[in-house]
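K.L.:
Sharing a structure, written as structure tokens. Questions coming.
Bear in mind that the values in this text are calculations on the coordinates, not laboratory data. Just so we're clear, the structure is a prediction, and the values are computed from it rather than from any experiment. In this analysis, Cβ positions are derived from the backbone assuming ideal geometry, glycine residues included, and neighbour counts consider all displayed protein chains.
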Amino acid sequence: MSGCPGSKTIDFSEKTNQEGSETGKRPSQLRQWPIQLHLVSPMAPYFQGKDILLAADCTAFAFGEFHKDYLKGKSIAIACPKLDSDQEVYVEKIKALIDDAKINTLSVMIMQVPCCFGLAQIAKDGAEKASRKIPVKQIVVGLEGNILSEEWI
Amino acid sequence: MQKVLNREIKELITAYPEVGRVLEEYGIGCAPCSVGSCLLKDVVGIHNLDPQKEATLMYRIEKAIYPDRKISEPVVDMTKKAAPKLITYSPPVKKLVDEHVLIKRLLALIPSIAEFTESSLKVDKNLILGCVDFIRTYADKYHHMKEEDILFKYVDEKAEIIQVMYKDHDIGRGYVRQAVEGAEKNNKTQVKENLLAYRDLLTQHIKKEDEILYPWIDRQLSTTQVGEMFRKCNEADASVGDELPKKYERFIVGLEEKFLQEVTK
């Protein structure tokens with residue numbers, strides 16, 4: 001059980017496809033490009049006054065209904081708090097999204113591994129530095145793709 | 001049973017008092033409600049009980065109404081202990097819950113104020129009008145108006161539970177008018193009775209909001225609506241300025257100091 005939980009090898013291939021239906025096509029709910037937090041500009045039109053989803057890179061792969069349940073109707077930025085560099089830029093971008101793009105809400109979606117909570121911390125730091133106040137929500141995704149918690153922070 | 005679910009709760013409790021007692025056991029305090037026109041199905045739905053608890057409640061209500069009817073008891077897995085529900089609020093709703101705290105501090109002081117009024121030679125008009133100013137400006141204008149102008153607009157305002165809240169607000173305003181009239185006429189009994197009635201009403205009203213109504217509204221709000229409501233509440237607060245809540249907090253602190261001294265005299 002030692003080592004980093006974020007990079008520990010776990011195989012749950014036996015459990016995949018246990019529920020749900022594969023019928024029907026699921027259209028992408030993505031309405032913008034780019035999406036990586038280093039690449040996006042807070043002044044991009046798709047952020048102005050919108051609800052923003054700040055998603056850890058792995059969440060979209062882990063959570064099967066990502067597009068339908070969380071991306072739909074929102075603009076997105078993605079980041080990895082474990083591997084990305086220059087994360088102080090991220091804090092400034094969150095602050096700019098709140099103050100300059102005047103976003104409506106910020107939902108931070110992270111994996112349950114401890115290092116991923118760094119992204120929630122980045123969001124909190126950016127929100128605290130901003131002069132405007134907005135509701136910030138944290139959604140935690142389990143390693144097997146279930147939603148573990150969803151709460152306003 | 002479908003017919004029963006669509007009946008008004010007050011009428012049902014009047015016809016079958018046992019229903020009131022069963023609801024009370026489940027923390028659903030409809031019996032003393034001032035209106036009681038909510039339908040049984042809405043009353044049960046709004047409390048968001050876990051499915052097992054709700055099934056048992058419905059079974060007991062049905063038994064209370066039709067004692068001779070053969071009704072199969074729901075299978076309840078007693079090994080699964082329901083986790084205690086922690087109420088969490090969205091940020092704008094949390095702000096309204098936090099504002100209740102200052103109002104509850106005044107409500108806690110009302111018995112002392114009523115007793116002081118009773119034992120004084122004449123009504124302390126400044127004291128009573130100070131409390132009335134708090135109620136009218138902080139509780140009513142600052143707080144209730146955000147509920148009425150913003151929060152309630154996100155749900156069906158015709159819903160019985162919302163109508164009950166509006167009615168409570170109106171009844172409360174009536175008690176306050178009566179208390180002012182009592183203070184003007186130096187009628188100690190009128191002041192005392194109306195302040196105590198206001199206290200009873202608001203205590204129940206705030207409990208209903210914190211534990212039932214607000215969580216029910218929160219469950220229906222989308223993320224976009226939460227953000228929008230947060231902004232509207234902030235704009236409403238900004239329109240009255242930062243000083244208003246601070247001023248009324250100082251007023252309550254002053255009252256607490258005064259009546260603590262009265263008690264320890």
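K.L.:
Set the Förster radius R0 to 35 Å, insert the Cβ-Cβ distance between B:D200 and B:T56 as r into 1/(1 + (r/R0)^6), and round the FRET efficiency to 0.05.
P.N.:
Values: r = 31 Å, r/R0 = 0.89.
So, using R0 = 35 Å, E works out to roughly 0.70.
K.L.:
Principal axes first, then extents: for the Cα atoms of chain A, list largest minus smallest coordinate on each axis, whole Å, largest first.
P.N.:
Its Cα atoms span 48, 42, 26 Å along the three principal axes.
K.L.:
Antiparallel DSSP bridges in the protein assembly as shown: what percent, to the nearest 5?
P.N.:
Numbers: 6 of 23 bridges.
Antiparallel: roughly 25 percent of the beta bridges in the protein assembly as shown.
K.L.:
Cross-link partners among lysines for A:K82, C-alpha distance below 23 Å, same-chain residues fewer than 8 apart left out?
P.N.:
Leaving aside lysines fewer than 8 places away in the same chain, those within reach of A:K82 are A:K8, A:K93, A:K95, A:K124, A:K129, A:K137.
K.L.:
Another question, if that's okay. Using only Cα atoms and rounding to the nearest 10 degrees, what angle (0 to 90) does helix B:243-264 make with the longest principal axis of chain B?
P.N.:
In chain B, helix B:243-264 runs at an angle near 80 degrees to the longest axis.
K.L.:
Here's another thing I want to ask about it. Give me a comma-separated list of calculated 3J(HN,Hα) values for segment B:94-104, in order, Karplus coefficients 6.51, -1.76, 1.60 applied at θ = phi - 60°, integers in Hz, x for any Gly or Pro.
P.N.:
In residue order, the calculated couplings are 4, 4, 5, 4, 5, 5, 4, 4, 5, 5, 5 Hz.
K.L.:
Then there's this: Please average, across the residues of B:220-231, the number of beta carbons from any other chain that are within 10 Å of each residue's own beta carbon, and give a whole number.
P.N.:
Values: counts 0, 0, 3, 14, 6, 3, 7, 12, 4, 1, 6, 8.
Averaged over the peptide's residues, the number is 5.
K.L.:
Quick check on segment B:2-65: what are the equivalent-ellipsoid semi-axes from the Cα gyration tensor, as sqrt(5λ), descending, whole Å?
P.N.:
Numbers: eigenvalues 51, 31, 26 Å².
Semi-axis lengths for segment B:2-65 are 16, 12, 11 Å.
K.L.:
While we're here: In terms of the ratio Rg/(2.2 N^0.38 Å) built on C-alpha atoms, what value belongs to segment B:91-264?
P.N.:
Numbers: Rg = 17.0 Å, N = 174, 2.2 N^0.38 = 15.6 Å.
In units of the 2.2 N^0.38 Å rule of thumb, it is 1.09.
K.L.:
Follow-up question, since we're still on this one. Past the 27 angstrom mark, what percentage of all C-alpha to C-alpha distances in the protein assembly as shown do you count? Before the final figure, lay out the partial values.
P.N.:
Values: 56034 of 87153 pairs.
Here the long-distance tail beyond 27 Å is 64 percent of all Cα pairs in the protein assembly as shown.
K.L.:
So between B:S119 and B:E157, what do we pick up on full extension, going 0.36 nm a residue minus the alpha carbon distance? List each step's numbers first, then the result.
P.N.:
Details: separation 38, 0.36 × 38 = 13.68 nm, distance 4.38 nm.
So the chain would gain 9.3 nm between B:S119 and B:E157.
K.L.:
Restrict the search to segment B:97-164; then list the trypsin sites (Lys or Arg not before Pro) that DSSP places in a loop and that have at most 11 other Cβ atoms within 10 Å of their Cβ. List each step's numbers first, then the result.
P.N.:
On the way: sites: B:K104, B:R105, B:K122, B:K125, B:R136, B:K141, B:K146, B:K153, B:K158; in loops: B:K122, B:K158.
The qualifying sites are B:K122, B:K158.
K.L.:
Same structure, new question: Where Lys and Arg each count +1 and Asp and Glu each count -1, what net charge lies around B:K188 among other residues with Cβ under 15 Å from its Cβ? List each step's numbers first, then the result.
P.N.:
Details: positive: B:K122, B:K125, B:K185, B:K192; negative: B:E115, B:E118, B:D124, B:E181, B:E184, B:E193.
Here the charged neighbours net out to -2.
K.L.:
How big is the charge dipole of segment B:91-264 about its Cα centre, in debye rounded to the nearest 20, if each Lys and Arg gets +1 on its Cβ and each Asp and Glu gets -1 on its Cβ? Write down the numbers at each step before the final one.
P.N.:
On the way: 27 positive and 32 negative charges, 48 e Å.
Roughly 220 debye, rounded to the nearest 20.
K.L.:
Rg(Cα) of segment A:63-124 divided by 2.2 N^0.38 Å? Don't skip to the answer; put the middle values down first.
P.N.:
Details: Rg = 12.3 Å, N = 62, 2.2 N^0.38 = 10.6 Å.
This ratio for segment A:63-124 stands at 1.16.
K.L.:
Related question: Enter the angle in degrees (range 0 to 90, nearest 10) between the Cα long axis of helix B:51-65 and the first principal axis of the Cα atoms of chain B, meaning the one along which they spread out most.
P.N.:
Once rounded, the angle reads 90 degrees.
K.L.:
For chain A, what's the relative contact order in percent, using C-alpha pairs closer than 8 Å and at least 6 residues apart? Could the numbers behind the result be given before it?
P.N.:
Values: 255 pairs, mean separation 37.3, N = 153.
Relative contact order, chain A: 24 percent.
K.L.:
Still on this structure: How far is helix B:188-208 tilted, in degrees, relative to the longest principal axis of the Cα atoms in chain B, given as a value from 0 to 90 rounded to the nearest 10?
P.N.:
Roughly 40 degrees between the two axes.
K.L.:
Now, a different point. Exactly which GluC sites (Glu not before Pro) in segment A:47-153 are in a DSSP loop and have at most 16 other Cβ atoms within 10 Å?
P.N.:
Numbers: sites: A:E65, A:E88, A:E92, A:E128, A:E144, A:E150, A:E151; in loops: A:E65, A:E144.
Sites meeting the loop and neighbour criteria: A:E65, A:E144.
K.L.:
Would you work out which of A:Q36, A:I153, B:Y214 lies farthest towards the positive end of the dipole of the protein assembly as shown? Charges go on Cβ: Lys and Arg +1, Asp and Glu -1.
P.N.:
Positive-end residue among those listed: B:Y214.
K.L.:
Anything over 31 Å Cα to Cα? Flag those among B:K208/B:K246; A:K72/B:K232; A:K102/B:K146; B:K208/B:K232; B:K185/B:K247; B:K125/B:K158, in the order listed.
P.N.:
Working: B:K208/B:K246 26 Å; A:K72/B:K232 24 Å; A:K102/B:K146 22 Å; B:K208/B:K232 23 Å; B:K185/B:K247 28 Å; B:K125/B:K158 39 Å.
Result: B:K125/B:K158 exceed 31 Å.
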